[in-house]
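To keep things clear, I will list the structure first and then write my remarks on it.
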Amino acid sequence: MPATNKPIYLSLAEMGGKEQEFIQEAFDTNWVVPLGPNVDGFEEELKEYLRGDKEVVALISGTAALHLALLQLGIEAGDEVFCQSFTFAASANPIKYLGAEPVFIGSEPSTWNMDPIYLARALEDRLRNSAKKPKAIIVVHLYGMPARMGELRAIADQYDIPLIEDAAEALGSSLESKLCGNWGDFGILSFNGNKIITTSGGGALLCPDKATAATTKFYATQARDDAPHYQHSKIGYNYRLSNICAGIGRGQLMALDRFIARRREINSLYRTMLADVEGISFQTEPDTNFFSNYWLTTIIIEPSITGFTREDLRQVMLANNIETRPLWKPMHLQPVFADTLYYGSGVEEELFEKGLCLPSGAGLTNDDIQRIASIIKHTHP
Ligand SMILES: *Cc1c(COP(=O)(O)O)cnc(C)c1O
């Protein structure tokens, strides 16, 4: 084991190199205000990166983006919105902001994302037993792994229900060569501190057309009517990304492909180094149609084979100054959603029980990965 105790974090942001130039330019031109050329530039460059399928609106967070997607789909108090259970709380919370009720859908074991079988079952059941048709479906690409969008999209279309893609963790991931964020009616991205690119805090709503993008901007800037004075006919929000943060985003975006290449390389290093450890498996692209940015490398620990649990390993890592994290706790197991409907087979419950996220930041060295792998090997009895 290398003789070092240097702290290693789960997912540190890396700078691309050009961030400060964009920020400096904003200062030099006195654009230290919300909006400005970096916001327009960042949106244009994101749109280009996503190959132009969607109109992009930069916002203060992925959560705000989800909120504005649901708002524009007409979600109101008492409505039902389907949401993947295996996710971060930010996927589900905006449903509650609007007074609507989430219905949680379980995952399937190959991608860890929404199971088309349970989506179909839940829809049949709700259409039989509820007065209202579900108003939207939120699918998540967890840890960068694309969900089975073809099948999910077909079911959503069959029932004519809009699909929102939570691609907060999946910028640069693709399915059948189509980038995540382009499969849904709306898509959301996050540029929070530990995501694959960061603006220190930020997000984007990927909109189906220019009119929807304009409406998104309207709601994100306090819903001001077209009048010389301040007049309002709708309730608005203060959700726009600042020109400074967008400058960071422009520099980050320039380095995105490099970050993805490195995260995928780290994923592959872990696989090679842990190949002979029995009882450890990885979240893995099911076939060559799937391309994950491998935002985080995640492992499943089978305690009956390894002789240690994921919590044992997390503690050992902590003692070695290495940050790891259990997988997301499913939403239907969260105290705040205790009385919420759930349709699934418990796949995500087991993943939560046995899964651990390993340090995956693009700035990690091969020696860092070696150190982590060797600790896992030594924990192995
Ligand atoms: C990070 C994240 C969000 C929220 O994005 P913020 O920018 O932090 O608001 C939503 N969904 C998932 C799956 C995430 O990982």
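Brief remarks on what is shown
- Cut-off 11 Å between beta-carbons: net charge of the residues surrounding residue 330, Lys and Arg +1, Asp and Glu -1: -3
- The chain - mean residue ellipticity at 222 nm from DSSP helices (-39,500 (n - 2.57) per run, n ≥ 4, rounded to 500): -11000 deg cm²/dmol
- Exceeding the 31 Å Cα-Cα cut-off - candidates 132/195; 135/354; 210/329; 54/354; 6/178; 135/329: 132/195; 135/354; 210/329; 54/354; 6/178
- The chain, accessible surface, carbon-and-sulfur percent (1.4 angstrom probe): 51
- Surface accessible to a 1.4 Å probe, residue 153 within the full protein complex, Å²: 50
- Which of 219, 9, 143 is most accessible, then next, and so on - probe 1.4 Å: 9, 219, 143
- If you take the Cα centroid of segment 51-124 and the Cα centroid of segment 309-338, the two points sit 23 Å apart.
- Per-peptide average of other Cβ atoms within 10 Å, ordering 220-228, 318-326, 89-97 highest first: 89-97, 318-326, 220-228
- Accessible area (Å², per residue) of segment 111-215, counting only protein heavy atoms and a probe of 1.4 Å: 31
- The largest accessible area among 245, 180 belongs to the first residue in 245, 180, and the rest follow in falling order (1.4 Å probe, all chains).
- Largest-first ordering by accessible area, 1.4 Å probe, given options 332, 378, 232: 378, 232, 332
- If you sort the three axes of the alpha carbon gyration tensor as a ≥ b ≥ c, you get a/c of 1.5 or more for segment 19-254 and a/b no higher than b/c, which makes it oblate.
- Reachable lysines from residue 133, criterion Cα separation under 23 angstrom, eight or more residues apart if same chain: 96
- Whole-number accessible area per residue in Å² for segment 256-379, which is evaluated in the context of all protein chains at 1.4 Å: 43
- Net charge in the neighbourhood of residue 355 (other residues with Cβ under 14 Å of its Cβ; Lys, Arg +1, Asp, Glu -1) is -2.
- Heavy-atom accessible surface of segment 37-80, averaged per residue, reaches 35 Å², computed with a 1.4 Å probe.
- Of all DSSP-defined beta bridges confined to segment 136-240, some 50% are antiparallel rather than parallel.
- The chain - share of DSSP beta bridges that are antiparallel (%, nearest 5): 60
- Rolling a 1.4 Å probe over the protein heavy atoms leaves residue 177 with an accessible area of roughly 90 Å².
The values are calculated or read from the model by the stated rules, or taken from the named source; none is laboratory data. The structure displayed is predicted, hence computed values, not measured ones. Please note: Cβ atoms are built from the backbone with ideal geometry, for glycine as well, and neighbour counts cover all protein chains shown. Just the protein is used for accessible areas: all its heavy atoms, side chains included, with ligands, DNA and RNA removed. Shrake-Rupley method; radii C 1.70, N 1.55, O 1.52, S 1.80 Å.
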